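One structure is given below, encoded as structure tokens.
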């Protein structure tokens, strides 16, 4: 019988019970869609940092399992796929909320989060003011430093650092779309996806 197992025995439990669990790469791809809600294969490759061919193959398998809906150019996650992602969060990060670092880190994140949201609104209302844009980027850089600390506990968070740095470079090169345009991997998109992810590893939900 598959009972009385510790978290360290989870993989052996899954194999003995015939349960298919997400591996780390599959989680990266499926979670990217979970956080973005709707995306293309190219989007998921960019977000996960995995080769597009590998992502495409994974997506085909997810569609066969009914986890995703293939809408042509876009993919939409289904309730079964959402359940897989949520299960991975619960199984992989169940001990994190009890670590003493987490509430301290969250307390440091919240004021930066509020500042970022206000600055992006100010940037939009001032017609892309360069001075406000510089403050947006400075706030992103503060978050990147904090993510570098928590990445010791959640190594895949290095992917958020990579994405933030790439989008900051795009903004610095004169492309303001990468501040908050929803159709590209903008700073605003990455920030909100990270926020939801960070809450998920704590077993929480974001309050809009």
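Miscellaneous remarks
- Filter result for residue 122 (under 23 Å from residue 183 (Cα atoms), touching a helix residue (DSSP H, G or I) at 6+ places or on another chain (Cβ under 8 Å) and modelled with pLDDT under 95): no
- Residue count for segment 43-73 under the criterion of being over 23 Å from residue 86 (Cβ atoms), more than 18 Å from the chain's Cα centre (by Cα) and either assigned by TED's automatic domain parsing to the domain that holds residue 189 or not in a helix (DSSP H, G or I) (or both): the result is 2.
- Condition check for residue 94: under 19 Å from residue 197 (Cα atoms), surrounded by fewer than 14 Cβ atoms within 10 Å (Cβ to Cβ) and touching a residue at least 60 places away in the same chain (Cβ under 8 Å): yes
- Any hit, segment 77-84, residues being assigned by TED's automatic domain parsing to the domain that holds residue 23 and without any contact (Cβ under 8 Å) to a residue 12 or more places away in the chain: yes
- Subset of segment 162-177 that is under 17 Å from the mean Cα position of the chain (by Cα) and either under 19 Å from residue 121 (Cα atoms) or touching a residue at least 60 places away in the same chain (Cβ under 8 Å) (or both) - its residue that is surrounded by the fewest Cβ atoms within 10 Å (Cβ to Cβ): 162
- Within segment 178-208, the set of residues being without any contact (Cβ under 8 Å) to a residue 24 or more places away in the chain, touching a helix residue (DSSP H, G or I) at 6+ places or on another chain (Cβ under 6 Å) and more than 15 Å from residue 110 (Cα to Cα) comprises 178, 184, 186.
- One residue stands out among those in segment 74-91 that are assigned to a strand (DSSP E or B) and more than 15 Å from the chain's Cα centre (by Cα): the one that is surrounded by the fewest Cβ atoms within 10 Å (Cβ to Cβ), which is 76.
- Filtered residue count, segment 144-161, keeping only those that are surrounded by 14 or more Cβ atoms within 10 Å (Cβ to Cβ) and under 18 Å from residue 25 (Cα atoms): 8
The values are calculated or read from the model by the stated rules, or taken from the named source; none is laboratory data. As the structure is a prediction and not an experimental result, all values here were calculated from the model. Note: ideal-geometry Cβ built from the backbone for every residue, glycine included; neighbour counts use all protein chains shown.
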